[in-house]
Structure formats: C-alpha cells, structure tokens
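Below: one structure, written as structure tokens.
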C-alpha cells in the first residue's frame, strides 16, 4: 500500500487485513516494550487531566457492560496492563480476582501491589500456562495491534477463557476518518510498534480461525484533536463517521463460537 519510516504497510489479498510486512523481530519488540522512552513519554501524557479522565470513563463504561453479562467466573486477566489505570479502577470498583500481564518494568511494582506476585506475568500469553486457571474476563486495551502473531495469542486466550467468558479488545482503526483526513501522519500509523491494523472483516476472519465470535462491536472516539482544523464538528458529522465505521478506535466483545 505505502511505506512509512522504511516499513512496508501491506494488505492481505484473502481477508484484506492490513499489516506491517517487514516487522521488527519479536525479541527486539519485547526489548522496546520493556524499556521504551517513547512509551514512557506517552504514559506521562496520559496523566494529563482530559486524557486520563477519558480513559477512566471508557474503562468504567465497559466494566458496566461486562457486569451486565452476568459472567459467573470472576477471574479477570488484563493483557498489556500498561501503567495500571484499568487494573487500579477494577481494584476500586469491582470484585474480580485480578491478574495482569505487562512487559514494562516501570509499572511492575504497582501492578504487583494490586494483583499479587503470583498473578503478575511478564511474558507473552502463548508462553504462559496460568497454572491451569480459567478466566471469566480477558481484556486487551490497545494490545492486539502490537502482537506479531495474533492467531497464536488468541488461540491461547480461547484456551484459558471459561465457557461463558468474554474477551474485550480495543484496537485502533486504520481506516478511520482521521486517516482519510490526515493520511500517513495519523498517529494510528506507527509501524514501529503497531504491526496489525484490524478491520471489522479481518477481525471476524481471525475469530473464525481460532474458534471465537464477535458478540458485540462498538466504536470509540470518532474524532481526535488533530482533526479539528479540518472539520466542521457537529452531530451530523459524528453520525456519518459512526455509520461508516470510521471511528478512531474499534472495540470487540468476543466469546466462544459454540
């Protein structure tokens, strides 16, 4: 399709999934995620009032959604827990038994203080046996786009997901209205670490391969601040974005395909 920073962005001819063709090797990616100055600066930016407030409200909304699903197994695994904002909120307002997975060293102590040493993992999902545990909820907030082989990781998620469990996934939408306006300068397009760009069709294709199904689909943050200079912000504009699945983020609620 095009090249950015020397990375080739390609599209699969079978399922139309978009991906980085010449990806950084997994071992180097893990090193970057462990001690990335860019990621540290991004986490600091998230501490800004409006962005932090948005994240907390987003998490709270989907925690309420999960509560309404009446999932019996109250063990929750947050994959790619980051700074721990989501796990921290769960600890405050939920009665889940919390587990967290995160490569970054900077947040390890905080996450362990919440979930405990035995419930904290610093490895890929597919490399962990979780001591035979089954989870009622698995969350992946902005994680799946960073994984070089999402099939392997989702197969493992399916294996450790209880029968009535749910997997909640948030991923950036490359084919957003922001991309149409900003082109390859859109922040979504970060081929250093964003290796996969899921459309609704390619997510469904992936789920069919691993034995999951899309139970519900949502859109988040139709516009971003970088778009404001180029748009007439109004309700009709927002509706048009949502009607055409062009929001900045996509959220998928997955379950077993029984």
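Okay, here's what the table says:
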read-out: Residue 161 vs. criteria at pLDDT 95 or above, under 24 Å from residue 62 (Cβ atoms), over 14 Å from the mean Cα position of the chain (by Cα) and crowded, with 22+ Cβ neighbours inside 10 Å; value: yes
read-out: Residue in the stretch 164-179 that is more than 23 Å from residue 199 (Cα to Cα), at pLDDT 95 or above and under 19 Å from the mean Cα position of the chain (by Cα) present; value: yes
read-out: Any chance residue 152 is touching a helix residue (DSSP H, G or I) at 6+ places or on another chain (Cβ under 7 Å) and closer than 24 Å to residue 203 by Cα; value: yes
read-out: Residues of the stretch 176-204 classified as surrounded by fewer than 22 Cβ atoms within 10 Å (Cβ to Cβ) and more than 18 Å from residue 21 (Cβ to Cβ), total; value: 11
read-out: Filter pass, residue 254 being more than 30 Å from residue 75 (Cβ to Cβ), modelled with pLDDT of 95 or more and touching a strand residue (DSSP E or B) at 6+ places or on another chain (Cβ under 7 Å); value: no
read-out: Residue under evaluation residue 105, criteria (1) closer than 25 Å to residue 174 by Cβ; (2) surrounded by fewer than 20 Cβ atoms within 10 Å (Cβ to Cβ); (3) in contact with a helix residue (DSSP H, G or I) (Cβ under 7 Å, 6 or more places away or on another chain), criterion not met; value: (1)
read-out: Hey, residue 112 closer than 30 Å to residue 236 by Cβ and surrounded by fewer than 22 Cβ atoms within 10 Å (Cβ to Cβ) or not; value: no
read-out: Residue ID - nearest to the chain's Cα centre (by Cα), chosen from residues in the stretch 242-257 that are surrounded by 19 or more Cβ atoms within 10 Å (Cβ to Cβ) and more than 15 Å from residue 199 (Cβ to Cβ); value: 254
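Let's see how each residue does on (1) modelled with pLDDT under 95; (2) within 17 Å of the chain's Cα centre (by Cα); (3) within 16 Å of residue 136 (Cβ to Cβ); (4) surrounded by 13 or more Cβ atoms within 10 Å (Cβ to Cβ):
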{"position": "10", "(1), (2), (3), (4)": "no, no, no, yes"}
{"position": "18", "(1), (2), (3), (4)": "no, yes, no, yes"}
{"position": "38", "(1), (2), (3), (4)": "yes, no, no, no"}
{"position": "57", "(1), (2), (3), (4)": "no, yes, no, no"}
{"position": "63", "(1), (2), (3), (4)": "no, yes, yes, yes"}
{"position": "69", "(1), (2), (3), (4)": "no, no, yes, yes"}
{"position": "83", "(1), (2), (3), (4)": "yes, yes, no, yes"}
{"position": "87", "(1), (2), (3), (4)": "no, yes, yes, yes"}
{"position": "91", "(1), (2), (3), (4)": "no, no, no, yes"}
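The values are calculated or read from the model by the stated rules, or taken from the named source; none is laboratory data. None of the values given here were measured: they were computed from a predicted structure. Ideal geometry is used to build each Cβ from the backbone, glycine not excepted, and the neighbour counts take in all protein chains shown.
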